[in-house]
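Below is one structure, written out as structure tokens; the observations come after it.
The values are calculated or read from the model by the stated rules, or taken from the named source; none is laboratory data. Treat the numbers as computed from the prediction; the structure is a model and nothing was measured. When we count neighbours, we look across all protein chains shown, and the Cβ atoms used for this are built from the backbone with ideal geometry, even at glycine.
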Amino acid sequence: MHGNVWEWCADSWHENYEGAPADGSLWLGSINDNHHQYHLLRGGSWDSYARYCRSACRFHDGLASRYDDIGFRVVVSAARPR
């Protein structure tokens, strides 16, 4: 799914994974640091160089950004047979 749009992630931006939660929970920044101002973007977009179009590629931006290459992905699980 990477390469369509930069995907907004729920986590706040952090420079590295030091102190990241190991249980898969959200990693939000504190109001006392600069991390709460920016959210994580992943995956590159149609307007990116090929090296950025991978899920491991990370970037950040403010939530007020309104670029045509930033978005989110909707996931729907299939109905389970009864």
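Scan (1) crowded, with 16+ Cβ neighbours inside 10 Å; (2) under 22 Å from G19 (Cα atoms); (3) at pLDDT 80 or above for the single condition H35 breaks and write down its number.
Of the numbered conditions (1) crowded, with 16+ Cβ neighbours inside 10 Å; (2) under 22 Å from G19 (Cα atoms); (3) at pLDDT 80 or above, the odd one out for H35 is (3).
Only one of A79, A22 is modelled with pLDDT of 85 or more, aliphatic (A, V, I, L, M) and part of a loop (DSSP other than H, G, I, E, B). Can you tell me which?
Details: A79 fails: modelled with pLDDT of 85 or more.
Going through A79, A22 in turn, the sole match is A22.
Does D47 satisfy the criteria of being of a type outside the set (A, V, I, L, M) and without any contact (Cβ under 8 Å) to a residue 40 or more places away in the chain?
Values: of a type outside the set (A, V, I, L, M): yes; without any contact (Cβ under 8 Å) to a residue 40 or more places away in the chain: yes.
So D47 fits the description; yes.
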